[in-house]
Amino acid sequence: MDAMIGVPKSSEYAAAFGRYVERVAAVDDPLRELTSQRANVVARLAKLSDEQAAFRYGPGKWSIKELINHLSDAERVFGYRMLRIGRGDQTPLPGFEENDYARAAQSDRRRFSEVLAEWSTVRAATMALAASLPEADWANVGTSNDAPISARALLYIVLGHTEHHMAVLADRYDVR
C-alpha cells in the first residue's frame with residue numbers, strides 16, 4: 001500500500017511542515033513506519049523514571065513529560081485533520097497553539113508511564129485511521145490553518161514531527 005500513498009509534494013502542505021516531511025521523505029511504507037516508530041519510541045522512553053521525565057534542559061523549556069504530551073496533542077490534531085480531509089471534508093480547519101495546550105495539559109502532575117501510555121494509545125488510533133483510508137483518499141486536499149494540506153502530507157507530518165522531537169530528546173535531554 002505504501003507506493004499507493006506516495007510522498008507528498010511540497011504544494012500539499014505549508015512550508016512550516018517541510019522540515020517534518022523531509023525527515024521521513026525516504027520512508028517507503030508510512031503505514032508500517034507508524035507501527036515501527038511507535039515501538040521504537042516506547043522502547044526508548046519506557047526506561048525513564050518520573051524524576052528523569054521531569055527534566056528540563058533550560059528555564060521555560062518543556063519537561064520530557066510535556067514533550068511527550070505535546071506529541072499526543074499534536075498527533076490528535078493531525079489525526080483529526082487526516083480524518084476530515086481524508087473523508088473529503090472541505091471545511092477549513094483552524095490551527096492550534098502548542099504552548100497553550102502544553103500549559104493546559106499539566107503533564108508534570110502525571111506519572112510518566114501514563115503520559116507515555118497515552119501517546120502509545122493515540123498512535124494506535126492514528127494507525128487504525130491510516131489503515132482504514134482508501135487509496136484514493138490519500139490525495140484529498142483540504143485547508144488547515146489557512147493553508148492547503150493533503151491527507152498523505154498529514155501522515156508524513158505525524159511521522160516527521162515525532163522524529164523531530166525524538167532528535168530533540170537525544171540532543172537536548174540526552175535521552176537515546
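Observations on the structure shown:
- Region 2-173 - charge dipole about Cα centre, Lys and Arg +1 at Cβ, Asp and Glu -1, debye rounded to 20: 360 debye
- Region 97-161 and region 1-35 have Cα centres spaced 14 Å apart.
- Crossing angle, helix 112-132 versus the chain [Cα axis fit, 0-90 degrees, rounded to tens]: 10 degrees
- Selection from ALA43, SER10, THR121, by position along the positive dipole direction of the chain (Cβ): ALA43
- Of the trypsin sites (Lys or Arg not before Pro) found in region 15-88, the ones in coil according to DSSP and having at most 16 other Cβ atoms within 10 Å of their Cβ are LYS47, ARG56, LYS61, ARG87.
- When the chain is treated as a GNM with alpha-carbon contacts under 10 Å, the residue of ASN40, ASN69, ASN140 showing the greatest mean-square fluctuation is ASN40.
- Helix 151-173 axis, angle to the chain major axis (alpha carbon atoms, nearest 10°): 20 degrees
- Among ALA53, ALA125, ALA39, residue whose mean-square fluctuation peaks in a GNM of the chain (springs only between Cα atoms under 10 Å): ALA39
- Exposure proxy ranking, count of Cβ atoms within 10 Å, fewest first, for SER150, SER63: SER63, SER150
- When LEU31, LEU133 are arranged by Cβ crowding within 10 Å, least crowded first, meaning fewest neighbours, the order is LEU31, LEU133.
Bear in mind that the values in this text are calculations on the coordinates, not laboratory data. These figures come from a predicted structure and were not determined experimentally. Note that we place each Cβ from the backbone using ideal geometry, even for glycine, and neighbour counts take in every protein chain shown.
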